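The block underneath contains the structure these notes are about, expressed in structure tokens.
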Amino acid sequence: MVILGKSGLEVTQLCLGGNVFGWTADEETSFQVLDTYLEAGGNFIDSADAYSAWVPGHHGGESETVLGRWLHKRKNRDRIILATKVGSLNPEAPGKPNLSRRHILKAVEDSLRRLQTDYIDLYQAHRDDETASLEETLATFADLVKQGKVRAIGASNYSPQRLAEALSISKQHGYPRYESLQPFYNLVGRKGYEAELEEVCLKEEIGVIPYSALASGFLSGKYRPDKELPKTPRAQGVQSRYWNERSFAVLAEMDRLAVHYQATHTQIALAWLIARPGITAPIASATSIQQTHELMGALKLRLDQDTIEALTKVSEGL
């Protein structure tokens with residue numbers, strides 16, 4: 001267990017992603033995944049009010065609804081650090097890109113109802129909304145903390161400049177600050193976070209919970225240059241972003257390490273992230289009991305310094 005930022009929230013070093021609940025994992029499967037994660041020692045679950053609005057016929061809130069039913073049925077709310085988000089840029093998501101006071105106050109009540117709880121441990125701004133002032137957003141979050149509806153707040157997809165500005169405003173006005181950042185970050189997608197965000201997070205002791213930790217499945221090793229890609233949007237996204245010699249060189253290094261450590265590529269990718277300075281808990285999703293056990297196995301994998309340096313070197317500049 002580690003502390004998330006300065007929030008006092010004690011979380012497992014691997015955060016279970018809730019984006020698949022009610023989407024690629026139906027309710028029964030989601031319950032199995034959640035049970036397995038909890039039984040394996042996990043306690044940190046991430047969702048969003050926008051999940052899974054991108055699916056035809058969905059409107060957002062599907063993931064929170066499944067989570068709420070699980071929490072209600074299992075009566076285990078006190079064992080869970082529950083994170084969710086407000087203010088997505090997805091045009092189909094509730095409220096669209098909106099971090100105004102009016103929208104946040106409505107959205108939090110909707111999330112609490114779907115989650116069947118009276119408080120959210122970590123409430124995150126899903127994406128920065130530059131049409132709303134940071135003062136308005138942070139003051140609203142401060143009121144929710146004061147009311148006991150939210151324990152701590154975090155940011156996702158913020159630029160280093162806006163994150164630093166938000167921290168400054170919180171300090172100036174005595175508001176709760178963003179205790180966590182949820183950036184895009186993985187072994188073959190490093191530049192965006194490491195360029196400037198990493199420095200801010202380390203300096204300010206912000207907890208970092210990276211999403212896309214497995215690069216949309218690329219780092220699981222299932223995509224290879226000599227194999228035909230599935231005709232799916234996910235696979236097409238993998239091809240456009242990671243289909244290059246540098247990324248395949250990372251996979252080749254992971255092939256060697258998988259044999260050496262008797263571990264899966266997924267576990268190696270997560271273990272590298274966990275070993276990075278300032279990283280609190282990578283986010284990874286599972287759609288089966290087997291996948292959940294595999295993810296949790298990353299917590300038992302200790303990469304030696306030579307291995308960490310080898311992975312860092314082969315992926316440098318990506």
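Taken together, the values in this text are just the output of simple stated rules run on the coordinates, not laboratory data. No experiment lies behind these values; they were computed from the predicted model shown. Ideal geometry is used to build each Cβ from the backbone, glycine not excepted, and the neighbour counts take in all protein chains shown.
With the charge dipole of the stretch 8-182 set up from +1 on Lys and Arg Cβ and -1 on Asp and Glu Cβ about the Cα centre, the Cα lying farthest toward the positive end among the listed residues LEU138, LEU115, HIS72 is that of LEU138.
Partner aspartates and glutamates whose Cα lies under 20 Å from the Cα of LYS313, excluding those fewer than 8 positions away in the same chain, are identified as GLU194, GLU196, GLU198, GLU199, GLU245, GLU253, ASP255, ASP304. Computed from the C-beta positions of LEU202 and GLU27, the FRET efficiency with R₀ = 30 Å rounds to 0.15. Seen from ILE3, the other residues with C-beta closer than 10 Å to its C-beta sum to a net charge of -2, counting Lys and Arg as +1 and Asp and Glu as -1.
Residue by residue, the stretch 243-258 carries 3J(HN,Hα) couplings of 7, 8, 4, 5, 5, 5, 5, 5, 4, 4, 5, 5, 4, 5, 5, 4 Hz when phi is fed to the Karplus relation 6.51 cos²θ - 1.76 cosθ + 1.60 (θ = phi - 60°); x denotes Gly or Pro.
For the stretch 259-268, the Karplus equation 6.51 cos²θ - 1.76 cosθ + 1.60, evaluated at θ = phi - 60°, returns couplings of 5, 4, 8, 6, 10, 7, 4, 4, 5, 5 Hz by residue, with Gly and Pro reported as x. With the cut-off at under 19 Å, measuring from each backbone N in the stretch 74-88 to a point 7 Å along the Cα-to-Cβ line of HIS58 picks out 83-88. Summing charges over neighbours of ALA125, with a neighbour being any other residue whose Cβ is under 11 Å away from its Cβ, gives +1 when K and R count +1 and D and E count -1. Mark the label point 7 Å from the Cα of GLU39 along Cα→Cβ and return the residues of the stretch 70-84 whose backbone N is within less than 20 Å of it. Hits in the stretch 70-84 for GLU39 at 20 Å: 70-81. Here the Karplus relation 6.51 cos²θ - 1.76 cosθ + 1.60, evaluated at θ = phi - 60°, turns the backbone of the stretch 54-60 into coupling constants of 6, 7, x, x, 9, 10, x Hz, with x for every Gly and Pro. Extension gain for VAL259-LYS6 works out to 87.3 nm (0.36 nm per residue, less the C-alpha to C-alpha distance). Only residues of the stretch 141-159 count here: report those whose backbone N is under 18 Å from the spot 7 Å along Cα→Cβ of LYS191, or say none. What the label zone holds, given the 18 Å backbone N cut-off, is 159. The label point for ASP118 and the one for PHE184, both projected 7 Å from the Cα toward the Cβ, are 4.1 nm apart. Pairs of lysines in the stretch 8-182 whose Cα atoms sit within less than 29 Å of one another amount to 22, provided the residues are eight or more positions apart or on different chains. If R0 equals 22 Å, the separation of the Cβ atoms of ASP306 and ALA252 corresponds to a calculated FRET efficiency of about 0.85.
Summary value for the stretch 8-182: 17 percent relative contact order, contacts being C-alpha pairs under 8 angstrom separated by 6+ residues.
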